[in-house]
1. Within the stretch 23-40, how many residues are on the phi < 0 side of the Ramachandran plot and touching a helix residue (DSSP H, G or I) at 6+ places or on another chain (Cβ under 9 Å)?
2. Looking only at the stretch 9-24, which residues are surrounded by fewer than 13 Cβ atoms within 10 Å (Cβ to Cβ) and more than 16 Å from the chain's Cα centre (by Cα)?
3. For a quick check of your reading of the model, give me the residue pairs whose first member lies in the stretch 1-21 and is among the charged types (D, E, K, R), whose second is not in a helix (DSSP H, G or I), with beta-carbon atoms closer than 7 Å and at least 6 apart or on different chains.
4. Is it true that TYR38 is open to solvent by less than 100 Å² (accessible area, probe 1.4 Å) and in contact (Cβ under 8 Å) with a residue 12 or more places away in the chain?
5. Please go through the stretch 25-35 and pick out each residue that is open to solvent by 70 Å² or more (accessible area, probe 1.4 Å) and touching a strand residue (DSSP E or B) at 6+ places or on another chain (Cβ under 8 Å).
Amino acid sequence: MIDFQNFRNSGNESEKKATAREVVAAFKEVGFVYLRNYGISEDTVQNAFMKVCLVFEHAASMMLIYCVF
């Protein structure tokens, strides 16, 4: 988990670069990042997750209609 607060709030270029290096390393080593203190409200995040779930639910039903298995 990477704390993004220093990147967002720091005027110090070296602190921002250190956070950026952590993000790049996570993508290279793990394939994704998990950020905290990124500045987006929890309500907005939960709303986005719900919409993603709806998209995948719809996509699955469309595959059943149009795909031949």
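1. First, pick out the residues of the stretch 23-40 that are on the phi < 0 side of the Ramachandran plot: 23-30, 32-36, 38, 40.
Going one step further and asking which of them are touching a helix residue (DSSP H, G or I) at 6+ places or on another chain (Cβ under 9 Å), we end up with 23, 32-36, 38, 40.
Residues that pass the stated criteria total 8.
2. At the first step, the residues of the stretch 9-24 found to be surrounded by fewer than 13 Cβ atoms within 10 Å (Cβ to Cβ) are 9, 11-14, 17, 20-21, 24.
Correct list: ASN9, GLY11, ASN12, GLU13, SER14, LYS17, ARG21.
3. Matching pairs, first to second residue: ASP3/ARG36; ASP3/ASN37; ARG8/GLY39; LYS16/SER10.
4. Numbers: open to solvent by less than 100 Å² (accessible area, probe 1.4 Å): yes; in contact (Cβ under 8 Å) with a residue 12 or more places away in the chain: yes.
Yes: the conditions hold for TYR38.
5. Here is the first cut: in the stretch 25-35, the residues open to solvent by 70 Å² or more (accessible area, probe 1.4 Å) are 27-30, 32, 34.
Scanning the stretch 25-35 gives a single hit, TYR34.
The values are calculated or read from the model by the stated rules, or taken from the named source; none is laboratory data. Because the structure is predicted, anything quoted here is derived from the model rather than measured. FYI the Cβ positions are ideal-geometry reconstructions off the backbone, even for glycines, and counts take in every protein chain you see. The area values use the complete protein model at the heavy-atom level, side chains included, leaving out ligands, DNA and RNA. Shrake-Rupley method; radii C 1.70, N 1.55, O 1.52, S 1.80 Å.
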